[in-house]
Amino acid sequence: MSLSHERSQSPDTDWTAPTTSPTDTPLTTEALIEDLEIPWDLSFAADGTLFLTERVGRVLSFVDGSVRTVTEPADVIDAESSDDGWWVTGGEGGTLGIAAHPTYPDPPVVYVYYTTMTDDDERVNRVVAMDVSAEDPAATESVLVDNIPGSKIHNGGRLTFGPENYLWITTGDAGNGELSVDTDSLGGKVLRVTPAGDPAPENPDLGGDPRVFTYGHRNPQGLVWLPDGTVVASEHGPTGRDELNRLVAGGYYGWPDTRKHVEYADAGPEVRRPLANTGTTGGWAPSGSLFYTGDAVPSLRNRLLTGGLKGQKLLVTTLTPAGADLPPGDVAEVYDADWTDDAYTATTHSLLADELGRIRHVEQGPDGGLYLVTSNRDGRAGDGFPRERDDVLVRVSPAE
């Protein structure tokens, strides 16, 4: 199967950050699919097909209101969803990230990130490509990146294509922070590869694995691009201290040695400071992210949207360049201290709190629509969840 790719359009350097509050417009949600089994990721293909993963080992498609199982990768960890939740045996692993080829359906290739077991009964993660037009897509599986450190915790897992159509991959430290600092290890990193799995030609030379773009991460699960090409990642912290980070090629993001506010303030220039770090008083458990550019929900346009797991809410962050006017911050968290990345001020509002439960990922459709999935049947939901219809894919719209 062909894994070629094409270059995308030039970055838009003229975008502006909103100065209004996203809370001014109430939102409503419409369930499009119910009874999903712990969905994790969404990927819209160029032809409008929506691909979804369920952590229990399935890849689904959603077209014209119909759901079908596309494939069930054979090597995904053997664990079952139960009344106790996926967490008991599946941990934070399973079938995680998914990304359709940028020119899908030519070629009809979809990329999947999943957790598997080695012959020595060790968990690892891998990224594969599959021809989903085949009668048995799993039989066409081609491994692009293998032996990403895995565990019951901190598996990373996000896949997404960037502006130049390189494939970006977030990996966790698998519970071993020292892997994040080791540039020979694929754990605790953001990777950038070609659609064939080779290192992207412009990757930094860190003296280790050439697929590494940034290192020193704990458990990143979201990646977005601002219209000017700036990359921002969302990342789980220890006991709070969740972060948003502006990624710079070759950058070191501090884990495991730097995570407290005072540590960032005292760290030298070799440590990249976060755009936001929640400290220990809050905590988001941020997962999949989107920089929304659509028109379907005008109040969220040009803002960073992130699924909040622990907070069971949608996090809406306005990233304001230095010197520009901020949105109202009276009901928001504003990150502008001396320990933050001063390229932008992050102002985070919360929406849909406890309306849907654990929000795992947010995605934009080709029509500019806004979609998200919940993760309420993984055994870690708060009071009131899961509900009978969980888990769900919903479309978000302004309330009339």
Notebook entry, point to check: Condition test on residue 212, is it closer than 22 Å to residue 100 by Cβ and out of contact with any helix residue (DSSP H, G or I) (no Cβ under 9 Å at 6 or more places or on another chain)?
Noted result: no
Notebook entry, point to check: What about residue 148, is it of a type outside the set (D, E, K, R) and surrounded by fewer than 18 Cβ atoms within 10 Å (Cβ to Cβ)?
Noted result: no
Check: Looking only at residues in the range 341-360 that are under 21 Å from residue 15 (Cβ atoms) and in a loop (DSSP other than H, G, I, E, B), which one is most open to solvent (accessible area, probe 1.4 Å)?
Finding: 342
Check: Considering only the range 24-62, how many residues are open to solvent by 60 Å² or more (accessible area, probe 1.4 Å) and in contact with a His (Cβ under 9 Å, 6 or more places away or on another chain)?
Finding: 1
Margin query: Anything in the range 175-213 that is in contact (Cβ under 8 Å) with a residue 40 or more places away in the chain, crowded, with 20+ Cβ neighbours inside 10 Å and among the hydrophobic types (A, V, I, L, M, F, W, C)? List them, or say none.
Written below: 186, 190, 191, 193, 213
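So which residues in the range 105-124 are part of a strand (DSSP E or B) and either open to solvent by 70 Å² or more (accessible area, probe 1.4 Å) or over 16 Å from residue 72 (Cα atoms) (or both), if there are any at all? Steps first, answer last, please.
Our first condition is that a residue be part of a strand (DSSP E or B); within the range 105-124, this holds for 109-117, 123-124.
117, 123, 124, listed by residue number.
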Next item on the list: Please specify each residue of the range 330-360 satisfying the condition of being under 23 Å from residue 293 (Cβ atoms) and among the small types (Gly, Ala, Ser).
Entry: 332, 343, 346, 350
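Could you say which residue among 290, 244 is open to solvent by less than 10 Å² (accessible area, probe 1.4 Å), under 21 Å from residue 23 (Cβ atoms) and not in a loop (DSSP other than H, G, I, E, B)? Lay out the reasoning, then the answer.
Details: 290 fails: open to solvent by less than 10 Å² (accessible area, probe 1.4 Å).
Criteria check complete, one pass: 244.
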Checklist line | Conditions (1) in contact with a Leu (Cβ under 8 Å, 6 or more places away or on another chain); (2) surrounded by fewer than 24 Cβ atoms within 10 Å (Cβ to Cβ); (3) farther than 23 Å from residue 188 by Cα; number of the one not met by residue 128 | finding: (3)
Note to self: Criterion first (crowded, with 24+ Cβ neighbours inside 10 Å and touching a residue at least 60 places away in the same chain (Cβ under 8 Å)) does residue 277 satisfy it?
What the structure shows: yes
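The values are calculated or read from the model by the stated rules, or taken from the named source; none is laboratory data. On a predicted model such as this, the values are computed, not experimentally measured, just so you know. No Cβ is skipped: glycine too gets one built from the backbone with ideal geometry, and neighbour counts run over all protein chains shown. Note: accessible area is taken over every heavy atom of the protein model, side chains too, but ligands, DNA and RNA are not part of it. Shrake-Rupley method; radii C 1.70, N 1.55, O 1.52, S 1.80 Å.
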